[in-house]
Amino acid sequence: MRILVTGGAGFVGSHLCDRLLADGHDVLAMDNLITGSTDNIAHLAGNRHFKFLYHDVTDYIYVPGHPDAVMHLASPASPIDFDRVPIQILKVGSLGTHNALGLALAKGARFLLASTSEVYGDPLVHPQPESYWGNVNPIGTRGVYDEAKRFAEAITMAYHRIHGVDTRIIRIFNTYGPRMRLDDGRVVPNFIGQALRGEPLTVYGDGSQTRSFCYVSDLVDGMVRLLLADEHDPVNVGNPTEMSILTFAQTINKLTGNPAGIIFKPLPPDDPHVRQPDITRARTILGWEPKVLLEDGLTQAIAYFQSKL
Ligand code: NAD
Ligand code: UDP
């Protein structure tokens, strides 16, 4: 296939490009580098099956020829971006998704939306199945991301129902690995960066909030399986091993041998108290489940961040 990956110079997008190329596809990565970096795809320069196009997908997207698939990942994704670039997030989720869907319609390409567990907000149902409609504060600082992705899901389903576009929606839960930015603000790079610098880890709140961390190769495998499956309703992809952020901080300090301990900082507004994917649908529809153990994935991530310090 010829596949367009929007957000292809980002953390997940660049790993997806690697996987698609390894599977024998031609890949066009499109990115405006607002949170991504050409460093993430530098190793692909000179690969004749790969092209990079610098473009903001909130503007009309032109792609020569006929891509068979559009995988739409473009969007800042870290909570610090919610305060830094809120309008760009709203625009890429709405206008950017509209343009990417318009391209898929015009070219007869299948379409995959990278959605998020944030559509569930601060969930009142736990773990979260796809049938749960969520608990989102539309006017809070996280609302810019949550509502942009909820809009993106809505317009994706509308293009499927009205225009017959062959769409898929993946709801991605916390994913980590090499190529996250050290200053990205998300918990994995924050904690590992602090630990490697011998600083105390900044736990927000009392650290009792939970998350479930998925290694990037597992996520990318789920994305590819969904692209190839015939499923239009959303599918959760994430690792169901849930832990408190305090336990996670202790794990990072242990793995890195950081003696500096932990300090507590205020919990950001609307920070979800719990998060764990129900992956029954991914298991049954995609035959997917995560393979990489947390300790193994963290060892890879720590080695990467060490090389970036
Ligand atoms: P990232 O910031 O590393 O990647 C996003 C990429 O999109 C960046 O390269 C950025 O420059 C690009 N981009 C943003 N706006 C753009 C625009 N208007 N035009 C073109 N390119 C644009 O983040 P990531 O973690 O790799 O996330 C990738 C996707 O996966 C996002 O859609 C995100 O919402 C989703 N997601 C990620 C996670 C996770 O834990 N990593 C969880 C849930 C959902
Ligand atoms: N967090 C933390 N310390 C940090 C960064 C994040 O305690 O330095 C917490 C954050 O409050 C949240 C969890 O870790 O409860 C995961 O945060 P992240 O920013 O990675 O993404 P989220 O899952 O909230 O979207």
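The values are calculated or read from the model by the stated rules, or taken from the named source; none is laboratory data. On a predicted model such as this, the values are computed, not experimentally measured, just so you know. A quick note on method: Cβ atoms are made from the backbone with ideal geometry, for glycine too, and the neighbour counts reach across all protein chains shown.
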| query | So which of VAL119, VAL85, VAL125, VAL92 ends up being near ligand 1 (Cβ under 10 Å from one of its atoms), surrounded by fewer than 22 Cβ atoms within 10 Å (Cβ to Cβ) and aliphatic (A, V, I, L, M)? | reply | VAL85
| field | Selection status of GLY164, surrounded by fewer than 18 Cβ atoms within 10 Å (Cβ to Cβ), within 9 Å of ligand 2 (Cβ to nearest atom) and over 17 Å from the mean Cα position of the chain (by Cα) | value | no
| query | Is it fair to say ALA74 is part of a helix (DSSP H, G or I) and surrounded by 24 or more Cβ atoms within 10 Å (Cβ to Cβ)? | reply | no
| Residues ASP270, ASP278: which one is modelled with pLDDT under 95 and either crowded, with 18+ Cβ neighbours inside 10 Å or in contact with a Gly (Cβ under 8 Å, 6 or more places away or on another chain) (or both)? | ASP270
| Test result for THR251, hydroxyl-bearing (Ser, Thr, Tyr), away from ligand 1 (no atom under 16 Å from the Cβ) and in contact (Cβ under 8 Å) with a residue 12 or more places away in the chain | yes
| Among (1) among the β-branched types (Val, Ile, Thr); (2) without any contact (Cβ under 8 Å) to a residue 60 or more places away in the chain; (3) closer than 21 Å to MET180 by Cβ, where does ILE302 come up short? | (2)
| Does ILE3 count as within 30 Å of PRO129 (Cβ to Cβ) and surrounded by 19 or more Cβ atoms within 10 Å (Cβ to Cβ)? | yes
| request: Give the number of residues within region 100-112 that are in a helix (DSSP H, G or I) and buried (at least 20 other Cβ atoms within 10 Å of the Cβ). | output: 4
| query | Failed condition for ASN190, given (1) assigned to a helix (DSSP H, G or I); (2) under 24 Å from SER94 (Cα atoms), with all others met? | reply | (2)
| field | Candidate set from region 57-92 (those that are away from ligand 2 (no atom under 13 Å from the Cβ) and aromatic (Phe, Trp, Tyr)); member that is farthest from GLU118 (Cα to Cα) | value | TYR62
| note | Among residues of region 256-306 being of a type in the set (Gly, Ala, Ser), away from ligand 2 (no atom under 16 Å from the Cβ) and farther than 16 Å from VAL188 by Cβ, the residue nearest to the chain's Cα centre (by Cα) is ALA282
| task | Check VAL12 against each of (1) more than 22 Å from LEU227 (Cα to Cα); (2) within 8 Å of ligand 1 (Cβ to nearest atom) and name the one condition it does not meet. | result | (1)
